[in-house]
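Here the structure is laid out as structure tokens; the discussion comes afterwards.
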Amino acid sequence: MMEVIPLASGSKGNSYLIRSGSSAILIDAGLSAKQLCLRLQDAGTDATKISAVFITHEHVDHLRGARVFARQFDTPVYINRSCYDAARELYQLDQIPDIRLFETGLSFDYQDYSIHPFSVSHDTADPVSFSISDGKNKLGIITDLGKVSTLVHTAAMKMDALILEANHDLLLLKQNPNYPEKVKQRIRSNRGHLSNEQSAEFARDLIMKGRLKQLILAHLSEQNNSEACIRAAFGRIFGEAGLDLPYSCAGQYCISPKLIIDH
């Protein structure tokens, strides 16, 4: 059995707690170390119980608290070489006592998990998403990508549960007066973020052709999205396919309800 609890999800910080057996790990550390500790406490896990942190890419909302947290609790940080090189000086990653480099595309074992980091399209050095298996169930965390590549689609077909980006509503983004056109183009690009429609179409395919049974939507834009927009997009696309899979939306400012994966 695996449990996943979104500690935070959005442009102000991202982190996901995964528990299986005696293992507890974090995917990303985009909050301050203090906030990570508080959110972990809310999730019923002491920060000292986190055995490793796994980083997807070097944007601050995924990496902010990694150095301080790792130093405070002597926690190893897994990161690929390109991400480490891109972030080392800015985030003082060379102060982390235990940095462990993984190679994108190569699976590796860690405690109770088999972890597969696979490449996604985003505007960073070598961004990845993760597929995580406890030997029986497979969880995917797929956020911060501008398109669903064949590689991403193939990896996700084997997932039982998924945390999936649904970043923006296209109309809200287009009409947002606070965003320069260059920023809007970056978000909509193949190296930006998934829209609600892209996310819903991807999830539809995984439900119909793959193994997906549980879904959390993540990395919602505060200015360019809403749960009402998500319900409209997913309701239409799921409805046209005759699907009725429940889903929830991960929040930014407090932990979200846990997902228990046990099939």
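Listed here are the residues, each with its yes/no results for (1) surrounded by 20 or more Cβ atoms within 10 Å (Cβ to Cβ); (2) within 19 Å of ASP85 (Cα to Cα); (3) not acidic (Asp, Glu).
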residue	(1), (2), (3)
ASP98	no, yes, no
LEU101	no, yes, yes
SER114	no, no, yes
PRO117	yes, yes, yes
ASP123	no, yes, no
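If I filter the stretch 2-19 for residues that are more than 18 Å from the chain's Cα centre (by Cα) and touching a residue at least 24 places away in the same chain (Cβ under 8 Å), do I get at least one hit? No, there is no match, as no residue in the stretch 2-19 is more than 18 Å from the chain's Cα centre (by Cα) and touching a residue at least 24 places away in the same chain (Cβ under 8 Å). Considering every residue within the stretch 209-230, establish whether at least one is part of a loop (DSSP other than H, G, I, E, B), touching a Lys or Arg at 6+ places or on another chain (Cβ under 7 Å) and of a type in the set (A, V, I, L, M, F, W, C). No, every residue in the stretch 209-230 fails to be part of a loop (DSSP other than H, G, I, E, B), touching a Lys or Arg at 6+ places or on another chain (Cβ under 7 Å) and of a type in the set (A, V, I, L, M, F, W, C). Against the definition (at pLDDT 95 or above, farther than 27 Å from LEU31 by Cβ and aliphatic (A, V, I, L, M)), how does ALA241 come out, yes or no? Against the criterion (at pLDDT 95 or above, farther than 27 Å from LEU31 by Cβ and aliphatic (A, V, I, L, M)), ALA241 qualifies. Counting the residues of the stretch 58-100 that are touching a strand residue (DSSP E or B) at 6+ places or on another chain (Cβ under 9 Å), within 24 Å of PRO6 (Cβ to Cβ) and of a type in the set (Ser, Thr, Tyr) gives 2. Out of curiosity, is ASP42 modelled with pLDDT under 95 and closer than 21 Å to MET2 by Cβ? Taking the combined requirement at face value, the residue does not satisfy it.
Selection within the stretch 172-186: residues that are without any contact (Cβ under 8 Å) to a residue 40 or more places away in the chain and part of a helix (DSSP H, G or I). The member of this set that is surrounded by the most Cβ atoms within 10 Å (Cβ to Cβ) is LYS184.
Hey, among ARG211, ARG204, which residue is in contact (Cβ under 8 Å) with a residue 24 or more places away in the chain, surrounded by fewer than 18 Cβ atoms within 10 Å (Cβ to Cβ) and at negative phi? Among ARG211, ARG204, only ARG211 is in contact (Cβ under 8 Å) with a residue 24 or more places away in the chain, surrounded by fewer than 18 Cβ atoms within 10 Å (Cβ to Cβ) and at negative phi. For the stretch 40-51, taking the residues that are within 22 Å of ILE115 (Cβ to Cβ) and in a helix (DSSP H, G or I), the one that is nearest to the chain's Cα centre (by Cα) is identified as LEU40. Out of all the residues in the stretch 125-165, which are more than 15 Å from the chain's Cα centre (by Cα) and either part of a strand (DSSP E or B) or buried (at least 23 other Cβ atoms within 10 Å of the Cβ) (or both)? Selection gives SER133 alone. When GLY140, GLY135 are checked against the criterion of being of a type outside the set (Asp, Glu) and at pLDDT below 95, GLY135 stands alone in meeting it. Of all the residues in the stretch 191-242, those that are within 20 Å of LYS138 (Cα to Cα) and in contact with a Cys (Cβ under 8 Å, 6 or more places away or on another chain) number 3. The residue pairs whose first member lies in the stretch 54-75 and is at positive phi, whose second member is surrounded by fewer than 19 Cβ atoms within 10 Å (Cβ to Cβ) and among the acidic types (Asp, Glu), and whose beta carbons are closer than 8 Å, counting only pairs six or more residues apart or on different chains, are ASP74/ASP98.
Inspection of the stretch 30-39 identifies at least one residue that is under 21 Å from ASP123 (Cβ atoms) and part of a loop (DSSP other than H, G, I, E, B). Here LEU106 passes the criteria (1) more than 28 Å from GLN198 (Cβ to Cβ); (2) surrounded by fewer than 16 Cβ atoms within 10 Å (Cβ to Cβ) except the one numbered (1).
The values are calculated or read from the model by the stated rules, or taken from the named source; none is laboratory data. The model shown is predicted, which means the values in this text are computed figures rather than measured ones. FYI the Cβ positions are ideal-geometry reconstructions off the backbone, even for glycines, and counts take in every protein chain you see.
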